[in-house]
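In what follows, a single structure is set out as structure tokens and then discussed.
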Amino acid sequence: MIVIRGENDPHEQDYRIAGAAECLIAPVDIILLNSVIQKIIRINGSQVKRSAPQSDTFEVAGMIFQPRQNAISANGASVQLTTAENQLLLHFVSRPWTVCRRAEIAEILYDRDRPASDRAIDVVVTRLRKKLTALRGLLADNLIKTEFRAGYMFVGDVSRAQMLDGSGQEA
């Protein structure tokens, strides 16, 4: 939902709590409106379940993610991920630019039988953000966006990485 409001309308927070994705001030620039609509489509338009990409290795914002090794690396440095961080990043790379709801994340990390608090999910997301930022600095600082009252969204492009062995052949 997009809310078009007057410049002096004090209810922006109320609109957001009610579910507004954006609150724009009238008169609205058509280019800005189009940009907002495209963002909402990109975030919410991918409601079709996607399976995880069929790859052992992914390139994510200049980093190499190897889920089978619980590792992510960049510029010769490597960081080990916990099982929870690894599962979360794998889920994110399988659904870039899509809001991942807290319930969905809890099910991935803790399964249906074990309830998880919102705080537990926040801790895993925070640790993963710190590890990504440690590798790539500011380039990775905003890869995981918090979507207010919804969940998290991975905002990086993901591709299958071509890993070469020592002889120059694809591994």
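Considering only residues that are surrounded by 14 or more Cβ atoms within 10 Å (Cβ to Cβ) and not basic (Lys, Arg), look in segment 13-24 and name the one that is nearest to the chain's Cα centre (by Cα).
In this case the residue turns out to be Ala21.
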>> Return the pair list, or none, for Cβ contacts closer than 9 Å from residues in segment 81-104 that are in the same structural domain as Gln66 (by TED's automatic domain parsing) and farther than 18 Å from Thr146 by Cβ to residues that are among the charged types (D, E, K, R) and surrounded by fewer than 20 Cβ atoms within 10 Å (Cβ to Cβ), at least 6 apart or on different chains.
In response: Leu81/Arg127; Leu81/Lys131; Thr82/Arg127; Ser94/Arg50
>> Looking only at residues that are touching a Gly at 6+ places or on another chain (Cβ under 9 Å) and part of a helix (DSSP H, G or I) in segment 136-166, which one is modelled with the lowest pLDDT?
In response: Leu139
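The values are calculated or read from the model by the stated rules, or taken from the named source; none is laboratory data. Keep in mind the model is a prediction, meaning the values are calculated, not measured. For neighbour counting, all protein chains shown are included, and Cβ atoms are generated from backbone atoms with ideal geometry for every residue, glycine included.
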